[in-house]
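Data block below; observations after.
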Amino acid sequence: MGNKIFVSCENANHFCDKNQYKEASFWEKIKLSIHLIYCKACRKYSANNGKLSGLVKDPKVINIDKSTKDIMKEQLKKKMSEYNK
């Protein structure tokens, strides 16, 4: 890999993924930071990675019971059949 400071988007995304799991080396973090200064697409990728990590760590998922789920499925099937006529 060498000490090349400027890296491709592919490598930057890889470093971003590693950084998300606290596996990136010091130099990978530096290279990622430099890349993010000039690459809008990778900044967006990095931001989305952060959001995903946050959702995984603190999911705000509401579970519904089986009977409610079954009712919702039936309602959905009924509506779909109405539109398919």
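The values are calculated or read from the model by the stated rules, or taken from the named source; none is laboratory data. On a predicted model such as this, the values are computed, not experimentally measured, just so you know. Counting neighbours? That spans all protein chains shown, and the Cβs are built from the backbone with ideal geometry, glycine included. These area figures cover heavy atoms from the full protein model, side chains too; ligands, DNA and RNA do not enter into them. Shrake-Rupley method; radii C 1.70, N 1.55, O 1.52, S 1.80 Å.
Annotations
- Residue 44 surrounded by fewer than 17 Cβ atoms within 10 Å (Cβ to Cβ) and assigned to a loop (DSSP other than H, G, I, E, B): no
- Among the candidates 4, 60, 22, residue that is assigned to a loop (DSSP other than H, G, I, E, B) and at positive phi: 22
- Residue match in the range 54-64 (condition: open to solvent by 100 Å² or more (accessible area, probe 1.4 Å) and either at pLDDT 90 or above or of a type in the set (Phe, Trp, Tyr) (or both)): no
- Residue within the range 68-85 that is out of contact with any helix residue (DSSP H, G or I) (no Cβ under 6 Å at 6 or more places or on another chain), among the hydroxyl-bearing types (Ser, Thr, Tyr) and open to solvent by less than 90 Å² (accessible area, probe 1.4 Å) present: yes
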